[in-house]
Structures are given as C-alpha cells and as structure tokens.
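The values are calculated or read from the model by the stated rules, or taken from the named source; none is laboratory data. Everything numeric in this text was worked out from a predicted model, so none of it was measured. Please note: Cβ atoms are built from the backbone with ideal geometry, for glycine as well, and neighbour counts cover all protein chains shown. Only protein heavy atoms, including side chains, enter the accessible area calculation; ligands, DNA and RNA are left aside. Shrake-Rupley method; radii C 1.70, N 1.55, O 1.52, S 1.80 Å.
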Amino acid sequence: MRTVLIAGSAVAVLVAAGAISYAVAGENGGGSTVPSADSADAGFARDMAVHHQQAVEMSYIVRDRTKDTDVRRLAYDIAQTQANQRGMLLGWLDLWGLPKVSADPPMTWMGMGDMASGKDGSLMPGMATNTEMKKLGTLNGKQAEIFYLQLMTDHHKGGIHMAEGCVAKCTVEVEKNLAQGMVDAQQSELTTMAQMLKERGAKPRT
C-alpha cells in the first residue's frame, strides 16, 4: 500500500532527526539551563517513554498475529520509531540527572494529574488496558489487524495530545522539536490507519 510506504519513509526521516537531536542534547544539555524534576520537559520525557513502550509492545504482538504485509510493515515502523524515541527521552533524563519515575500522577506536568486513573493498566489517555492487550494477543488475521489499528488509533490520539502539550510547555528546544515531529508523524499515521480500517470494513472506535 502506497500510504504505508510513505508513512514508513516519514518515520525513517523522523528517526534520523531524533538521533541528531539526541547528539545535540548530549553536547549542551539541550539548552542553557537543565530542567527541573517537576518541569514539563522532564514530565513529558517520563510519561511519553511509558506511553511509547506500550505502543512498541502492541506492535510486536500484532506482527506475530497476522501475515498481512501492510499491517506488519506499519507495526514495525511504529515499534522501531517509538523505541528509538523512548531511548532519547530516557537518555535526556540521564543527561539532566533527573529520575525516570515520579511520585506525581502521570500528566501532572500538563495540569491533568487527576485525569489519569490508571484503571486496568491504562495510565494515560489513549493507552490500552491490560485486558485489551491480552485480547490482542488472542486474535489472529483480520480480527487482530482491526483491533490493533483501533487500539493504535486511540494510542496515537492520546500521544498527539501529550506531544502538543510539550510543544506548548517544554523549554528545551530539541525536545520541543521532537514532540512536534511526533505530532506530524502520528497524524500522518492516523490517516493511514483510518484507510486501512476502511479497507477491512471497520472504523476507529472513537
């Protein structure tokens, strides 16, 4: 599918840009002042690392549940991109000498700490529940493809909201740039996934 190939190319560009951003952050800390542990910069890095980890897990699950080339390629692209970005986010926390976990609820840096209930493993907006992750692991073929695309659509919508929050609130320029890259890439993938769902006689859940 041409749209999937285009999305894959965009992902490759984003990964390359992210790698450059990491190198810059390593040279100068990403700015003149190291962010504090309760800053938007640190909060986004911690929360998005967790959010991305689930997307990686979800993508590897579906690769084993279907033989569809387009879905497997999309899942691989998402897994590789988000694993790479997760490494950068955690690396920045190391460079800044900040903890990778916080006693504050997720999304506190966005003023939404009271909205993330963590019910059944869904720690942040868009995240799948533990029950949904287990269900994905029991499906095969078209059913697995549809459920994955629906879960990842929700996941991307939540991730975009968080990344837009960093664009607005973060102060480290390379991190803001990475967040904007996430917004652009994931919006493109939302369009791709909507088309893939339509081709399978399905649509996003929300």
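Count the net charge of all other residues whose Cβ sits under 11 Å from the Cβ of residue 68, scoring Lys and Arg as +1 and Asp and Glu as -1. The answer is +4.
Surface exposure of region 110-160, expressed per residue as accessible area with a 1.4 Å probe, stands at 44 Å².
The dipole here belongs to region 88-178: it is taken about the Cα centre, uses +1 on the Cβ of Lys and Arg and -1 on the Cβ of Asp and Glu, and is about 240 debye.
Taking 18 Å as the cut-off, the amide N atoms of region 108-136 that come nearer than this to a point 7 Å along the Cα-to-beta-carbon line of residue 38 belong to 108-115. Counting only lysines at least 8 places from residue 169 when in the same chain, those with an alpha carbon closer than 30 Å to its own are 100, 119, 157. Shape verdict for region 73-159, please, from the Cα gyration tensor: rounded (a/c under 1.5), prolate (a/b greater than b/c) or oblate. Cα axes put region 73-159 in the oblate bin.
Rolling a 1.4 Å probe over the protein heavy atoms of region 68-173, with every protein chain left in place, gives an accessible area that is 52 percent carbon and sulfur. With all protein chains present, calculate the accessible area of residue 34 using a 1.4 Å probe and round the result to the nearest 10 Å². Rounded to the nearest 10, that gives 80 Å².
Taken over the Cα atoms of region 48-206, the convex hull encloses 106 Å³ per residue.
Take 73-84, 164-175, 101-112 and order them by the average number of nearby Cβ atoms within 10 Å per residue, most first; the result is 73-84, 164-175, 101-112.
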